[in-house]
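Peer 1: There's a structure below that I have some questions on.
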Amino acid sequence: MTSARLRIRIRPVAVLLSLALLPGIAGAADACHRRDTADFAVLEGCQQAAPGALSITAAALAQLNFNEDGLASLQAGDQYYYVRRDGRYLPVIDYDNGPDYFQEGLTRALVNGRLGYYDIQLQPAFSARFSWGWPFKNGTAEVCENCHPGKPDAGGHTAIVGGQHFRIDRLGRRLPEPR
């Protein structure tokens, strides 16, 4: 067998191997960064497998510092997550350069482009169905339909403009307009 023939046999295999590896390299997952450390250290064993989806090992979970509600927060790419000890997680909206706060026991998350509210167990309080919503305060929250983000101001804050605004209760029911 000549060396030319050998190269011909190896080359297709090398090309196929490089093509098989290319999607993994080109679509490399975002590493998870801990929000419970001052330097936002990378959490080995955790990565964002797809937008809104984490892959996290039991060893990675064991490294996290969980709060009194059993939650830890992570960031992968531009997405923030709350994670429970059992590995359950929820991708939440970003607020004030971090994951949305829990107010009155609820946080906000976008699901299929719709905003919903979730409890500390990371379970929905009711179905995600609003264009946008603000945190709960005194048992109610303002939400809107057909609204959208406006232009950011000089401080980087973005107003939500347009659409129909109304208030809901903690069960997601629309409340009557105040008189």
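The values are calculated or read from the model by the stated rules, or taken from the named source; none is laboratory data. A quick note: this is a predicted structure, and the numbers were derived from the prediction, not measured. Virtual Cβ from ideal backbone geometry, glycine too; neighbours counted across all protein chains shown. To get the accessible areas, we keep the full protein, side chains included, count just its heavy atoms, and leave off ligands, DNA and RNA. Shrake-Rupley method; radii C 1.70, N 1.55, O 1.52, S 1.80 Å.
Peer 1: Here are the criteria: (1) at pLDDT below 95; (2) surrounded by 13 or more Cβ atoms within 10 Å (Cβ to Cβ); (3) under 30 Å from ILE168 (Cα atoms); (4) not basic (Lys, Arg). Tell me which single one TYR80 does not satisfy.
Peer 2: Status for TYR80: all satisfied but (1).
Peer 1: Further, regarding this structure: If you check ASN138 against the conditions, is it free of Cβ contacts under 8 Å to residues at least 60 places away in the same chain, over 25 Å from GLY105 (Cβ atoms) and not small (Gly, Ala, Ser)?
Peer 2: Answer is no for this residue.
Peer 1: In this structure, is GLU177 assigned to a loop (DSSP other than H, G, I, E, B) and touching a strand residue (DSSP E or B) at 6+ places or on another chain (Cβ under 8 Å)?
Peer 2: So GLU177 passes the test.
Peer 1: While we're looking at this one, here's another question. Here is a list of conditions, (1) of a type outside the set (D, E, K, R); (2) more than 21 Å from THR158 (Cβ to Cβ); (3) surrounded by 14 or more Cβ atoms within 10 Å (Cβ to Cβ), and THR37 meets all of them except one; can you say which number that is?
Peer 2: (3)
Peer 1: Now for a different question. Assess whether VAL83 counts as being under 21 Å from ALA159 (Cα atoms) and in a strand (DSSP E or B). Show your work before the answer.
Peer 2: On the way: under 21 Å from ALA159 (Cα atoms): no; in a strand (DSSP E or B): yes.
Criteria not met by VAL83.
Peer 1: Let me ask something else. Is it true that some residue in the stretch 83-94 is over 19 Å from HIS33 (Cβ atoms) and either of a type outside the set (D, E, K, R) or in contact (Cβ under 8 Å) with a residue 40 or more places away in the chain (or both)?
Peer 2: No: zero hits.
Peer 1: Out of the stretch 131-146, which residues are assigned to a strand (DSSP E or B), open to solvent by less than 20 Å² (accessible area, probe 1.4 Å), under 16 Å from TYR95 (Cβ atoms) and not aliphatic (A, V, I, L, M)?
Peer 2: Residue satisfying the conditions is GLY133 alone.
Peer 1: While we're looking at this one, here's another question. Looking only at the stretch 154-176, count how many residues are touching a Pro at 6+ places or on another chain (Cβ under 7 Å) and either surrounded by fewer than 10 Cβ atoms within 10 Å (Cβ to Cβ) or touching a residue at least 24 places away in the same chain (Cβ under 8 Å) (or both).
Peer 2: 1
Peer 1: Pairs needed: first member in the stretch 44-65, within 14 Å of ARG84 (Cα to Cα); second member anywhere, surrounded by 12 or more Cβ atoms within 10 Å (Cβ to Cβ) and hydroxyl-bearing (Ser, Thr, Tyr); C-beta distance under 8 Å; at least 6 residues apart or different chains.
Peer 2: Going by the 8 Å Cβ cut-off, the qualifying pairs are CYS46/SER55; CYS46/THR57; LEU54/TYR81; LEU54/TYR89; ILE56/TYR89.
Peer 1: Are any of the residues in the stretch 31-51 modelled with pLDDT of 95 or more, in contact with a Phe, Trp or Tyr (Cβ under 7 Å, 6 or more places away or on another chain) and not aliphatic (A, V, I, L, M)?
Peer 2: yes
Peer 1: Right, next: Of all residues in the stretch 33-55, which are in contact with a helix residue (DSSP H, G or I) (Cβ under 8 Å, 6 or more places away or on another chain) and either of a type in the set (A, V, I, L, M) or over 10 Å from LEU74 (Cα atoms) (or both)?
Peer 2: LEU43, GLU44, GLY45
Peer 1: Got a sec? Which of ALA62, ALA20 is exposed (fewer than 10 other Cβ atoms within 10 Å of the Cβ), modelled with pLDDT of 50 or more and either not in a helix (DSSP H, G or I) or not hydroxyl-bearing (Ser, Thr, Tyr) (or both)?
Peer 2: On the way: ALA20 fails: modelled with pLDDT of 50 or more.
Step by step, each of ALA62, ALA20 is checked, and only ALA62 is exposed (fewer than 10 other Cβ atoms within 10 Å of the Cβ), modelled with pLDDT of 50 or more and either not in a helix (DSSP H, G or I) or not hydroxyl-bearing (Ser, Thr, Tyr) (or both).
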